[in-house]
Structures are given as structure tokens and as C-alpha cells.
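For reference, the structure discussed in these notes is given below.
Nothing in this text is a laboratory measurement; each read-out follows from the coordinates by a stated rule. Here the structure is a predicted model, which means the values were calculated and not measured. Note that we place each Cβ from the backbone using ideal geometry, even for glycine, and neighbour counts take in every protein chain shown.
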Amino acid sequence: MYPYKMTEKNQEQRIQQCHRRLFLLKGVAYLSGALFGLNLFSNAKAGQRRIFPINTPPLQKLPLSEFAPRIAFIIDDIGSSISRAQAFLDLKMPMTFSILPKLKYSDILAEEIYEQGQEIMLHQPMEPYGHEVDPGPGALYISYRDTEIEEIMEENLSQIPQATGVNNHMGSRFTSSSSKVVEALKIIKQKDLFFVDSLTSSHSQAYKMARRLNMRTAPRNVFLDDSPDIRAVRQQLRHLKQYALRHGAAIGIGHPHLSTLTALYDFKQEINKKGPFFELVSVSDLLSEKQSTHL
């Protein structure tokens, strides 16, 4: 009996390793395609509805205890590459995709990600301190009048009507201005959307101002991939788990990099094999919990 059990265990491990290799090979193919401009929808005719080539089954939540710490992942910088978004969709784990406005695939990805059951945010570009850094189209600058900020926010949100919330892209300079960031937050609140402060600067006033406006809001707790090294990403995921254990919930922000994809795949496989147990949720689900006030 004992040798048979060991063989069965070894077979299961080999199967899991095989699944991991296949997933990562597919992820490399997607990300390599993005690198060389081989977007999967590039041959579709103008006006033709375009869909993902892989049918992703509906997400399934694990029946965990209501007291399990909750973790929400945000994947930023979505919009320039369909293949990169697809690689993360194939993880089949709850996460929130934050889409940059006015990029080549922003509206297409918003529709397709939404139809595959994942949550969407507007990744609103804002002015950084470094003038040499371009935050991208649809950005907010502190030199803009209040009416300009309102018009830009309205236009960007209209491109991504599926968005349930907003977080800032860059914005170290803009979010440091209480008066300017409030003007953007007012539009977000009018749309009944939540706001996540990406905390790209320790001087950010965005979370504090959102709280004053009585918005559903939270700060980012951990950046997963400031360093592209996979060991660093895994270390940040451990920090995220520890934060969730201490506070009951945590928000981690990552980007569509191969190291992040690989680390999240392994994280998903291992997270609830033994205690303590965690529940992976969307940001809106996390913010609906009373414990989100401790984020």
C-alpha cells in the first residue's frame, strides 16, 4: 500500500508540473506575440465583432470561511495588447483588470474581459513629477482647469462603460494636489464608482480626499513587480499575504509581465493547500466588506 500511495502522489506532482509548463509556455507565446506585435485580433475586419480564441469557463469561488482574509489583485496597464490580457485571463482566478483609455484595444478588451466575468477599472493617467515621462493619452495635469478635468474624466469613462472603479496611472504630481484630485474624484463619485489610490507617491492625497467624499475607496497595499525578478515578485506576494492576515484584506497591484504571470500561477496553485486560508476576490467585492476600512 505504501509504495502505491507514493507512486500516486508522484504521478499527481508530475501532472501538476506538466500543467504548469504548458500554461507558462502558452503565456510566453502570448507575451512574445505582444512583443512582436502579433495581436490576436489584428486580422479582423473593420467593425467585425472580435472575440478571444480561447473560451474561458466561468470563474468559481472556493467555499471558504467568511472569516478568511481576502486578497484582490489589480493588473494595470491593460489596453495596448490583447495577447497580454489573454495570458492573465487564462489564470482563471478572480482579479480586476485596469484599462488605460484611448489605446488601440482599450474598448475591445473592456468588452471581452467583462464578458469573461472579470472586473474592470479605468486606469486613469495622471501627471507624474518627471516631465520627461509621458503618462499617455487622456491624462490629467495640474495645469488643467476644473472643467477640463471633468471633460477628460467623462470622456475616458465613456470609453469603458463596464468599469466599476478607477485607479491612477502614474500621477505622483497630480495626486499630491488635493484640490485637483478632488475634481477628478467628484466625477468618479457621481458615476457611483470606487477609487483605488495606486500610491505612486508617498505625498498622494487621493485616498484621503476620497474618504472625505465618502467614496468606496482603498489604497494599494503592495506593488507586486517593481522589480521584474520573479524572486522579488514572489517575495511581494508573501508580503501581501501577511498584510491580509494582519488586516483582514489586502490589495496588490501588478503588471502584465511574464514574471508576474508565473508568480501568480504558482500563487494560485499553492495558496489554499494548507492553512491559513485566503479568498481571492474582485476589488468591488473586497470594498463591500466592512473590513475594507482597515486597508
query = Among the residues of the stretch 233-254, which ones are surrounded by fewer than 20 Cβ atoms within 10 Å (Cβ to Cβ) and either charged (D, E, K, R) or closer than 16 Å to MET95 by Cα (or both)?
reply = ARG234, ARG238, LYS241, ARG246
key: Members of the stretch 206-232 that are surrounded by 16 or more Cβ atoms within 10 Å (Cβ to Cβ) and farther than 23 Å from GLY171 by Cβ   = ILE230
ask   = Does ALA218 fit the bill of being closer than 30 Å to TYR265 by Cβ, out of contact with any Phe, Trp or Tyr (no Cβ under 7 Å at 6 or more places or on another chain), in a loop (DSSP other than H, G, I, E, B) and of a type in the set (Gly, Ala, Ser)?
value = no
ask   = Do we have any residue at all in the stretch 252-267 that's closer than 23 Å to SER176 by Cα, of a type in the set (Asp, Glu) and either part of a helix (DSSP H, G or I) or touching a strand residue (DSSP E or B) at 6+ places or on another chain (Cβ under 6 Å) (or both)?
value = no
note = Note on the stretch 65-81: residues without any contact (Cβ under 8 Å) to a residue 60 or more places away in the chain and surrounded by fewer than 24 Cβ atoms within 10 Å (Cβ to Cβ) are GLU66, PHE67, SER80
remark   = Note on ARG173: of the conditions (1) within 18 Å of PHE97 (Cβ to Cβ); (2) crowded, with 18+ Cβ neighbours inside 10 Å, unmet is (1)
message = I need the full set of residues from the stretch 123-144 which are within 22 Å of the chain's Cα centre (by Cα) and of a type in the set (Asp, Glu), in order please.
response = GLU127, ASP134
inquiry  = Tell me whether the stretch 145-158 contains one or more residues that are more than 15 Å from the chain's Cα centre (by Cα), crowded, with 20+ Cβ neighbours inside 10 Å, of a type in the set (S, T, N, Q) and under 23 Å from ILE75 (Cα atoms).
reply    = yes
